[in-house]
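Report on the following structure.
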Amino acid sequence: KLLSNDNGDDGASSSSKPSILYHYELGKTYNGLAALEVMRGGDVHWDKAISLFREAERCYLRDFEPGMAMQNSHDNDQEHDEDHNPLQGVTVADVSKDVIRRMSPRHAESLVNVRSNMAELLRQRGQYDAAVETFRQALETATMAMESQHEKHHEGSGTNDKGIVDDAIPPPATSIMDEPTQEEQGNTIVDLLVKIADNLISAEQYNEAAEAYERALTSHVFFRKRRQSMGSNNTTTQHHPSSNNGKQGTVLPALPTNTSSTKINFHLASATTIEAAIRNNLAHALAQIGQDKLSLEHYEASLKIKRHIGGDLHMEVGHTLMGMGALLGGPVRDFTRGLNCFKEALYIYRANLEEVWNVDSDGDGDGVHRGEDEQAIFGAEEEAEEIDRHVQNALKNIGLIEAALLKDRDGASKRRRR
């Protein structure tokens, strides 16, 4: 999913430099044109989209780092179009924290979005290493933006920690309500960490993927706890992290200080679907690197959250049971528990399939959708086909586990006869 950067136009004060607003709006336009090229599909359009995304990035940086932004100019790119594939070796410029501090919050957010868009396009083309690097650049920018906004509110002054005046290059004027909230910024950071991990899974780099999922989980839990402690409905504390439920003198950190712990306890009452999804994916990555015990712990936590939020018959419960079954019936070799997982998943999939097709009480499978149009019926057919694939996978795994159990019983019987 590509990000549009359409956050409304920032109004410029009389002291703002017109070129900043001009290049900011130009960057948004390039980003939108790139998104259109992606939707058109095909190698030519996708190559053009990458070039447009890169031009959008340069526009966002042009008034803050002129030398950086203008190197590799658009004209220079055109000179090498015949023998240069824009999807190869895509790099983005390093940006210092001082530069981020001089941008308006929405300007920095747009820079993060366009970098994330470039990375997503690379992922779609199967260039996972390049996608991971670009997502990491977006993550670094998002992290600096959040820290910068946190420090500005805490300091309550117009200078940064190095004494540089923040309005040395005046950004477009924004009110406090125009700034991304801490919740928005936190969600962006967690989302980028998950995307990095997903790409590493696709590249079969499971150790690195597990580390990224751990960071995503730690960050998500940290942001959720901080939001709860500050009061999610208090717009003042949302933007001013130096207060804690109105109490002065307590400064909450912008980011978690420990981002690599695999022992992250969960509280069922406050757990979220995002936490469940991250734990499920982390469990899969850990299973791939032989961390069976830890993997099982995360699967079990994810399963409890999904049951609590969606109910015992939710499809997501079935998916996690399938992952647990593969772990238990594979390297853990607990065939009985593994078989139970697959059987429960099969029951869930069949219950959902029955609901999709509205099978009558006789179970004749007519699948009549009274009063629905053709589009709705077509959508139901697609959904049914997808669920049926899960049914077949569960049946296959049940067969494999039952065969393994039978083999174990035969072996035990032969040993007793001897």
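The values are calculated or read from the model by the stated rules, or taken from the named source; none is laboratory data. A quick note: this is a predicted structure, and the numbers were derived from the prediction, not measured. Note: areas computed on protein heavy atoms with side chains; ligands, DNA, RNA excluded. Shrake-Rupley method; radii C 1.70, N 1.55, O 1.52, S 1.80 Å.
Sort through 127, 88 and tell me the only one that's at pLDDT below 90 and more than 22 Å from residue 25 (Cα to Cα). Steps first, answer last, please.
On the way: 127 fails: at pLDDT below 90.
After applying the criteria, what remains is 88.
Scan segment 316-337 residue by residue and report those that are open to solvent by 40 Å² or more (accessible area, probe 1.4 Å) and in a helix (DSSP H, G or I).
Initially, segment 316-337 is screened for residues open to solvent by 40 Å² or more (accessible area, probe 1.4 Å), giving 316, 319, 326, 331-334, 336-337.
Matches in segment 316-337: 316, 319, 326, 336, 337.
Conditions (1) modelled with pLDDT under 75; (2) not basic (Lys, Arg), marked per residue:
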| residue | (1), (2) |
| --- | --- |
| 346 | no, yes |
| 352 | no, yes |
| 357 | no, yes |
| 368 | yes, yes |
| 377 | yes, yes |
| 380 | no, yes |
| 407 | no, no |
